[in-house]
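First up is the structure itself, then whatever we jot down about it.
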Amino acid sequence: MLLEGLHIPLTTPFHSDGQLALRKLESNVARYSKTPAAGLIVLGPSAEPTLLSDDETRDVLSAAAQAAAPEKVLLAGIARDSVRSVLALADFAAQHHYDAILIAAPPFLTLEHWGPIHPSNVKMQEQSRARRREHRIFFEAVADRSPLPVVLLSARGQSMQIPRSVELAAHPNIIGIIHIGKSIEILNGRIQAHAKAAASIHREVTVTSTFAAVTARMKLTAEAAAAPALVSVGSLTGSATAIAESASSNAPPAPTLRTRTQTRTKSVGFQILSGNSSSLLAALNAGAVGIAPAFAAAAPQACYEVYAAWKDGDQGLAEEKQARIREAAALAESLGPGGLKYACDLNGYAGGLPRLPHLPPTGDQRVNLEAVMHGLRN
């Protein structure tokens, strides 16, 4: 699966009583589907995923998949602490024709959880090695059995050492990683090191004639169009014999994905995406092939323009587009889900209130957001 381009991390709309607002989610997805974004991330870190039950998670995954345009890559954020729970949701995502799953390490297995351990502390060193084995086994067990490709999430409190993630990158069903959080210097240093370390990994992916991703729902649409339509002769003539209209010698061959949408293959490496809104251009220059900033939920066109200018090789324009979103993105994201959702409201997307214990922005914070969002209406 090709992960190049902008991938929009969706927010999760709620009603004022805290219940899921699925119709608002569907409206957002339909509108995002009209943007030049390559894909949508459902229940990523900025979507308050840990505040949803498993049933609500399934409802959100289902609603988003039904509303998304077939050509948009769909990533299902299904991070859970157990392999069993992740695989159950991966099966559900596959049934709804997602293209990949996005998972992070359980918090109790992350490097930040353990912190530095002195070499003289033999017992803690042994425990740390055991956790590291569990960390590797968690991802490998998911990747071995997942019906969908796996994208790793390396976020604040969930980051992975470069050697460890590169080791996982060699797994044929682990196709990429999204880096978010950290300072700009640390994040882009990690992206550059990651790209260099994983440079030997090469895979073939199916793309369209314009080198866009071929998604699971595009294939499903082609298969539906190719299926023969059975017509009951009995319903027309009283006979009990059924025929397939498409079997007529005069009927043209049914269209397939290849005849409806010309495809080709493209060689890609381990695909790295950046989710740090303030340094998208720097991340792309460091080796990222795509971007997934939380701020894209509020200003998808403005975020896409950074990627588009970089893709066109116009560094000056890309820097200008990056500077254009930096202040607004930093403020919206610093205020948590409530701030990001209010920024969505300002651009006509259904943001609404966050789910408790997250709080909406204060009156002064709203005024400041309105000011910095003024030139980013899209």
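The values are calculated or read from the model by the stated rules, or taken from the named source; none is laboratory data. As the structure is a computational prediction, the values presented were derived from the model and not from experiment. All Cβ positions, even for glycine, are placed from backbone atoms using ideal geometry, and neighbour counts span all protein chains on display.
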Sole exception among (1) surrounded by 16 or more Cβ atoms within 10 Å (Cβ to Cβ); (2) without any contact (Cβ under 8 Å) to a residue 12 or more places away in the chain for P357, by number: (1)
Can you pull out every residue in segment 21-49 that is surrounded by fewer than 22 Cβ atoms within 10 Å (Cβ to Cβ) and more than 21 Å from A213 (Cβ to Cβ)? A21, L22, R23, K24, E26, S27, E48, P49
Among the residues in segment 311-322, are any under 18 Å from the mean Cα position of the chain (by Cα), modelled with pLDDT of 95 or more and more than 21 Å from E4 (Cβ to Cβ)? no
Give the residue, chosen from G39, G5, G44, G18, that is farther than 26 Å from Q271 by Cβ and either of a type outside the set (D, E, K, R) or not assigned by TED's automatic domain parsing to the domain that holds V151 (or both). G18
Scanning segment 81-104 for residues that are aliphatic (A, V, I, L, M) and modelled with pLDDT of 95 or more gives V83, V86, L87, A88, L89, A90, A93, A94, A100, I101, L102, I103
Selected residue (only one of G336, G351 is without any contact (Cβ under 8 Å) to a residue 60 or more places away in the chain and outside the structural domain of T11 (by TED's automatic domain parsing)): G336
Looking at segment 75-90 only, could you name the residues that are over 19 Å from G290 (Cβ atoms) and either under 17 Å from the mean Cα position of the chain (by Cα) or not assigned by TED's automatic domain parsing to the domain that holds A65 (or both)? I78, A79, R80, V86, L89, A90
